[in-house]
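The values are calculated or read from the model by the stated rules, or taken from the named source; none is laboratory data. Model, not experiment: these values are computed from the prediction. Every residue, glycine as well, gets a Cβ built from its backbone with ideal geometry; the counts of neighbours run over all protein chains shown. For the accessible areas, the whole protein counts, side chains as well, though only heavy atoms, and no ligand, DNA or RNA atoms are used. Shrake-Rupley method; radii C 1.70, N 1.55, O 1.52, S 1.80 Å.
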Amino acid sequence: MRLVIIGAGFAGMYAALSAARLRDIQGTTPEELEIALVSPEPRLVVRPRLYERNPETLAAPLADVLKAIDVVYVQGSVDAVDTEARTVQIVNQKGSREPLSYDRLVVATGSRLFRPDIPGLAEHGFSVDSLDDAVALDKHLHGLAQRPAGNGRDTVVVVGGGFTGIEAGTEMPGRLREILGKDAKIRVVIVDRNSAIAPDMGAGPRPIIEDALRKLGVETRLGVGVDSLDASGITLSSGERIEAATVVWAAGMRAAPLTAQISAERDNFGRLVVDRDLRVPGVQGVFATGDAARAACDNDGNNALMSCQHATRMGAFAGNNAAAELLGVPAQPYHQKAYVTCLDLGEAGALFTRGWERKVEMVGDVAKKTKQEINTVWIYPPKAERAAALASADPQRVTDL
């Protein structure tokens, strides 16, 4: 038997760990149940941190962890799924394509930044969506020091007033001062179509975010969209022109395109709609998890978000349940009643809320310390020690803050 997991993000990593854990508990050998993880590189990109400095350091190796738990690593990208034949097509680094059969499949392909067809966006927009994107932005920012002041050199526009946009925008003043000097006339502007910043956060936390933006000198342009970008700046739907050498796009996410190859219901974000066991209804042998899945996380109408907080726990349930079907043991329905947000606000600290109602629990330096612990400890892979790695993936114990 073979269980194939596509993707080495948070959901894919925990799916592999959890499936291996159940295999171990059931006394099944790796020869009897092969668990294979497919991804371009054997590493976890710590995507929630890509707004930070030194993005080239924000990837954690997985090869030793996978070896310790007897998970087969398959290097390559999956570009086709045949759910009738139960095969995936893997493209390796040389461009060759090879099929890999599966008995159960876990789709953990993650999400991608939504880039609309706006003139100039593809040519002139930066992002922190992937490691390569974040490294390209960092290189560009450091290159600004070689340019003469003026003509928008010291101005950054961040498009998107959600979590990613706020974290990128509030981090930017400090980054730019380190590169351009304390005397540089730094200007950061966050643009969003919504009438309020952080639209998903609600009225409780918003004044804290707005106060942080004021302290940092970050401007906002709300209720407007983007008409076009060019090499020297951005034009808003209001007609306002902002001269800026740097425009960072952080407006919206969509599930990775591979989900479209699976004949099943999807939501507006392209996520596969799954049942409580994270199966894809109507498609035998296929599970979806993380940003590739729309899953109910409680009985109160709350659905998992595109976040590592939900992906880690969803991955643990998906891997466990896919292996459970093959091993003939009961599945464990996914649930994740606890929900927190910890929003980095750059040099203004951070904001920590609990619950879907976003009750504020910590702000400022205290919240910042928690954010740093989350970013540098909690979300990293376990050590490559078999017992500890397997224990970390118990679906009922994976972090539910």
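From the list 70, 79, the one residue that fits, being acidic (Asp, Glu), farther than 25 Å from residue 284 by Cα and in the same structural domain as residue 97 (by the TED database), is 70. I'd like to know if region 338-355 contains one or more residues that are free of Cβ contacts under 8 Å to residues at least 40 places away in the same chain, open to solvent by less than 10 Å² (accessible area, probe 1.4 Å) and under 16 Å from residue 10 (Cα atoms). No: zero hits. Screening 317, 269 for residues that are in contact (Cβ under 8 Å) with a residue 40 or more places away in the chain, closer than 25 Å to residue 205 by Cβ and in contact with a helix residue (DSSP H, G or I) (Cβ under 9 Å, 6 or more places away or on another chain) leaves exactly one candidate, 269. Being closer than 22 Å to residue 11 by Cα, within 18 Å of the chain's Cα centre (by Cα) and of a type in the set (Gly, Ala, Ser) is a property that does not hold for residue 393.
Could you go through region 145-163 and let me know if any residue there is part of a helix (DSSP H, G or I) and surrounded by fewer than 21 Cβ atoms within 10 Å (Cβ to Cβ). Checking region 145-163: at least one residue is part of a helix (DSSP H, G or I) and surrounded by fewer than 21 Cβ atoms within 10 Å (Cβ to Cβ). Per this entry, residue 352 is counted among residues that are touching an Asp or Glu at 6+ places or on another chain (Cβ under 7 Å) and aromatic (Phe, Trp, Tyr). The number of residues in region 203-231 that are of a type in the set (Val, Ile, Thr) and out of contact with any strand residue (DSSP E or B) (no Cβ under 9 Å at 6 or more places or on another chain) comes to 0. Where strands (runs of 3 or more DSSP E) fall entirely within region 1-97, those with at least 2 residues that are in contact with a helix residue (DSSP H, G or I) (Cβ under 6 Å, 6 or more places away or on another chain) are at 2-6, 34-39, 43-45. Filter region 41-65 for residues that are of a type outside the set (D, E, K, R) and surrounded by fewer than 14 Cβ atoms within 10 Å (Cβ to Cβ) and give the result. Listed by number, the residues that qualify are 54, 57, 61, 63. Residues of region 66-99 that are open to solvent by less than 30 Å² (accessible area, probe 1.4 Å) and either under 11 Å from residue 5 (Cα atoms) or of a type outside the set (Val, Ile, Thr) (or both): 66, 68, 71, 76, 78, 80, 88.
The strands (runs of 3 or more DSSP E) located wholly in region 201-305 that include 1 or more residues which are surrounded by fewer than 16 Cβ atoms within 10 Å (Cβ to Cβ) and modelled with pLDDT of 95 or more occupy 218-222, 226-230, 241-243. Quick one: is residue 98 touching a strand residue (DSSP E or B) at 6+ places or on another chain (Cβ under 6 Å) and in the same structural domain as residue 287 (by the TED database)? Yes, satisfied.
Summed over region 357-373, the residues that are surrounded by 17 or more Cβ atoms within 10 Å (Cβ to Cβ) and at pLDDT below 95 give a count of 1. Condition (residue is charged (D, E, K, R), buried (at least 21 other Cβ atoms within 10 Å of the Cβ), touching a strand residue (DSSP E or B) at 6+ places or on another chain (Cβ under 7 Å) and part of a strand (DSSP E or B)) applied to region 102-121: is it met by at least one residue? Yes - at least one qualifying residue is present in region 102-121.
Answer yes or no: is there a residue in region 315-325 that is more than 22 Å from residue 110 (Cα to Cα) and either modelled with pLDDT of 95 or more or surrounded by 18 or more Cβ atoms within 10 Å (Cβ to Cβ) (or both). So far as region 315-325 goes, yes, one or more of its residues are more than 22 Å from residue 110 (Cα to Cα) and either modelled with pLDDT of 95 or more or surrounded by 18 or more Cβ atoms within 10 Å (Cβ to Cβ) (or both). Condition check: among the hydrophobic types (A, V, I, L, M, F, W, C) and under 30 Å from residue 35 (Cα atoms). Does residue 144 satisfy that? No: the conditions fail for residue 144.
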